[in-house]
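Step one of this worksheet: look at the structure below.
The values are calculated or read from the model by the stated rules, or taken from the named source; none is laboratory data. On a predicted model such as this, the values are computed, not experimentally measured, just so you know. Glycine gets a Cβ as well: all are built from the backbone with ideal geometry, and neighbour counts include every protein chain shown.
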Amino acid sequence: MAMKRLIRKSWKLVTILTLVAAAGGLGFRQYQKKPKKPKLDLTIVALTQGEMSLRFTELGDIAAKDSVNIASKVSGRIIELPVHEGQAVRAGQTLAVIQPGRTESERFLPSTVTAPIDGVLIRYIKNPEASSADARFAEIGDYVTGIFESQSPTYLMTIADMRRVVVKLKINEMDILKLREGMSVLVKVDALPGAEFPSTVSMISPQAEKDNRGGKVFRVEVSLGRNDPRLRTGMTARVDATLEHRAHALKMPLAALFDEGGASVAYLQAPPGGKPKQTLVKTGMRTETDVEVLQGLKDGEKVLTEKPEAFDPAPPEALKAAAGKKGKEGGRALRRKAQQVRRAMTAI
């Protein structure tokens, strides 16, 4: 009986092993039948000659070059307000009449508030970064604190002299050195489609300040070359400037430029039966999409926008030398920027 049980177990084991072997063979044949993954085609682009421009674009707000916040000399309640928001006024014109004091016993002769300059009356904005709810224009019955009583008086309104208009910008510290006073720029206003204002950078603050997100920015003003009666304070303006321009630049897509240990390289299209060639490249101007090629490649040559797995490398000595030269040039550029900042601070 024991022999029969052993024989039955042996047959079961043989059967299981046979099934496993058959399944393995089927799986191997199916694996062999699977098509191999095709090699990825690397994108090839040709170098071309053409125009290149490095541009600067930033948004700002239209504002009057000169404006004055209006406050009363004395504290009291507004009993007359013969003007309204948006009204044009002349220097010396009455803006408000203030009755000094809070009680009958404290009341003296009314005090008149007059306009110190010509301009347009707009709301006084305590904090330009806050919401419009922070802006105010005086109303009859308001109690105001005068400048004789407090260093923080109640401002009734603002007079904006719209004869000279500027765009106020806040530029981050990474871009501020791209601008210089006297630079020509072009201003476009969203509310005036098609209108263009040739303008000039008139002021660059030498001191940084923090913005709402904690970053560092510099205040910049752009003076418009001409005025337009349709302009209003607070309108959104776009400032455009051409920082560099090449009429006949040899260029390629920025995606075709690679960094190899600090050296700039490109990969030339492989010849028939060969491999792509790694080539050292000296570059110039860069935009968001293209890079100017000064040395290393020629017009019409074709390069890859993806690094190939196999290629003929550039000589290691040349790569090392190029990386060292690039590092020195970067250091000189940083020193030049530092000198520009020191000169700006000295000019304060």
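Would you mind stating whether residue 242 is farther than 15 Å from residue 49 by Cβ, touching a Gly at 6+ places or on another chain (Cβ under 6 Å) and in a strand (DSSP E or B)? So residue 242 does not fit the description; no.
Considering each residue of the range 207-223 in turn, at least one proves to be over 17 Å from the mean Cα position of the chain (by Cα) and exposed (fewer than 13 other Cβ atoms within 10 Å of the Cβ). Within the range 147-176, being outside any strand (DSSP E or B) and of a type outside the set (Gly, Ala, Ser) holds for 147, 148, 149, 151, 153, 154, 173, 174, 175, 176.
Report, by residue number, each residue of the range 67-86 that is surrounded by 15 or more Cβ atoms within 10 Å (Cβ to Cβ) and either in the same structural domain as residue 238 (by TED's automatic domain parsing) or not charged (D, E, K, R) (or both). Selection gives 67, 68, 70, 71, 72, 74, 75, 76, 78, 81, 83.
Please determine whether any residue of the range 252-266 is outside any strand (DSSP E or B), in contact with a helix residue (DSSP H, G or I) (Cβ under 9 Å, 6 or more places away or on another chain), under 18 Å from residue 285 (Cα atoms) and assigned by TED's automatic domain parsing to the domain that holds residue 289.
yes
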